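The values are calculated or read from the model by the stated rules, or taken from the named source; none is laboratory data. Only a predicted model underlies this, so the values are computations on that prediction, with no experimental measurement involved. So basically every Cβ, Gly included, is an ideal-geometry build from the backbone, and we count neighbours across all protein chains shown.
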Amino acid sequence: MKFEDLPEKIAIFPLSSAIFFPGTILPLNIFEERYLHLVNDSIKNQRIFGMVQPKRNKKTECEFRKKSI
């Protein structure tokens, strides 16, 4: 996917204690209702979502905004 094809905003999935490299597969065990909704909505509407590794003991509420580097 090219940078210009990315949406302005994407949903964020916080994922602690995981190392994930581009082009690899990471099986997820999703059980929280809000994250089930996030993933199901992404699949249904063919949208991407991002993953972040939150700092320990911090509540994670994130929003991605596309920015040219």
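Suppose we keep only residues that are among the hydrophobic types (A, V, I, L, M, F, W, C) and in contact with a strand residue (DSSP E or B) (Cβ under 6 Å, 6 or more places away or on another chain) within segment 15-51. Which one would you say is farthest from D5 (Cα to Cα)?
Top of the filtered list is L15.
On the given criteria, is F31 modelled with pLDDT of 85 or more and not acidic (D, E)?
Yes, satisfied.
Search segment 27-45 for residues that are over 12 Å from A11 (Cβ atoms) and pair each with any residue that is of a type in the set (F, W, Y) when their beta-carbon atoms are under 9 Å apart and the residues are at least 6 apart or on different chains.
Correct list of pairs: L28/F13; L28/Y35; I30/F13.
Output the residue which, of all residues in segment 4-21 that are aliphatic (A, V, I, L, M) and in a strand (DSSP E or B), is farthest from the chain's Cα centre (by Cα).
Looking at residues that are aliphatic (A, V, I, L, M) and in a strand (DSSP E or B), I get I10.
So which of I48, I12 ends up being surrounded by 11 or more Cβ atoms within 10 Å (Cβ to Cβ), in contact with a Gly (Cβ under 6 Å, 6 or more places away or on another chain) and touching a residue at least 40 places away in the same chain (Cβ under 8 Å)?
Answer to the check: I12.
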